[in-house]
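First comes the structure, then the notes that go with it.
The values are calculated or read from the model by the stated rules, or taken from the named source; none is laboratory data. Computed from a prediction, not measured in an experiment: that's the story for all the values here. Every residue, glycine among them, receives a Cβ derived from its backbone with ideal geometry; neighbour counts consider all protein chains shown.
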Amino acid sequence: MKYQSEPYRIFCTDDAGKCVAEITFPETEAGVCCIDHTFVDDSLRGMGIAGELVSRAVQQIQANGKQVTATCSYAAHWLEKQKGSGKNV
């Protein structure tokens, strides 16, 4: 998978240019980005792509000196698991 990044979005497309995986994380207040949407096409489910998208989003948000929140249920669960494992998220 080739991940493409934009300021508040990371995504992947198939050979035809169709979006097959995506995460969005707009800045909802000064210094805070909220992961509000994670999508993985059914054909790619179970391959760890959603987790990779969240991980990349968190890295990108933190690299820009911002905090991470989530309203997307998958991302919120992922973040909680990371905190529970002692990782700094």
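Structure above, values below:
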| read-out | value |
| --- | --- |
| Filter result for Val40 (modelled with pLDDT of 95 or more and in contact with a helix residue (DSSP H, G or I) (Cβ under 6 Å, 6 or more places away or on another chain)) | yes |
| Number of the exception - Glu27 against (1) more than 11 Å from the chain's Cα centre (by Cα); (2) closer than 19 Å to Ile61 by Cα; (3) loosely packed, with under 13 Cβ neighbours inside 10 Å | (3) |
